[in-house]
Amino acid sequence: MYGLGILSGMVVTLKNFFRKPFTVSYPEQRLPQHPRFRGEEFTWYEERCTGCASCAKFCPLGIIRIVTHPGGTTPAEGDSYAIDVFDIDIARCMFCGLCVEACPYDALFMGSGFEEAKYRRRDLVISVERLRAAEKRPSTWYRPQLEGQAYDPRRDGSLPWQKAGREPWPYHLPQRPQAEGEKTTGEGTP
Ligand code: SF4
Ligand code: SF4
């Protein structure tokens, strides 16, 4: 009886010995990510942001801090607030994406990254400076317009703000005189 048990155990061992591995040697090797991956670094387009703070209000953990002042940049569009502070504390983030869902202007997107190691918790707060300077690789999660253009953040790289939203609203561009007969929606006006 004992011999049979050892034999069946050896068969299992032999089967697995010749099976193709399904794990990879991270970080040298990486599995491909889905374009809808809800990554940790967030993508924020200041050009599209009105400072409405809907994202902060909808965050169940209250980890987005926004400070604004009256912008006066685009009165023709309905005006917007200028952003002084836009901090996201990803040390407490659960990547639910509700902040992205709440953004009415397609200004906030989940990111595409997943590697964020710091020695201090406070270094995990993404500041407005970092959001401004970051390469724009938005996740396509909750953004059907990106999937409509077959955008893939890992493959296609940086996406300009004009292509990120359903409408090209230039809320934070400097004010300019409007030509006669020009649309007030700001369509395609960088
Ligand atoms: S992903 Fe969720 S927890 Fe993280 S900032 Fe957005 S709403 Fe808050
Ligand atoms: S990112 Fe969106 S929801 Fe948040 S303040 Fe800007 S426009 Fe409002």
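Every number here is computed from the coordinates shown, using simple stated rules; none is lab data. In this text the structure is predicted, and so the values were computed from the model without any measurement. Using ideal geometry, Cβ is built from the backbone for each residue, glycine included, and neighbour counts are taken over all protein chains shown.
The figures follow:
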item	result
Entirely in the range 91-148, the helices (runs of 4 or more DSSP H) that have 1 or more residues that are under 17 Å from Lys57 (Cα atoms), aliphatic (A, V, I, L, M) and within 12 Å of ligand 2 (Cβ to nearest atom)	98-102
Residue pairs meeting the criteria (Cβ under 9 Å; at least 6 apart or on separate chains; first on the phi > 0 side of the Ramachandran plot, in the range 79-90; second away from ligand 2 (no atom under 12 Å from the Cβ) and assigned to a strand (DSSP E or B))	Asp79/Pro70
First in the range 134-152 and of a type in the set (A, V, I, L, M), second anywhere and in a loop (DSSP other than H, G, I, E, B) and surrounded by 18 or more Cβ atoms within 10 Å (Cβ to Cβ), Cβ under 8 Å, 6 or more apart	Leu146/Pro35; Leu146/Pro138; Leu146/Thr140; Leu146/Leu159
Test: residue in the range 57-69 that is surrounded by 10 or more Cβ atoms within 10 Å (Cβ to Cβ), within 10 Å of ligand 2 (Cβ to nearest atom) and in a helix (DSSP H, G or I)	yes
Test set (1) within 14 Å of the chain's Cα centre (by Cα); (2) surrounded by 13 or more Cβ atoms within 10 Å (Cβ to Cβ) - Arg132 fails condition number	(2)
Single match in Glu46, Glu40 (criterion: of a type in the set (Asp, Glu) and more than 10 Å from ligand 2 (Cβ to nearest atom))	Glu40
Those residues of the range 1-59 which are polar (S, T, N, Q) and more than 18 Å from the chain's Cα centre (by Cα), in sequence order	Ser8, Thr13, Asn16, Thr23, Ser25, Gln29
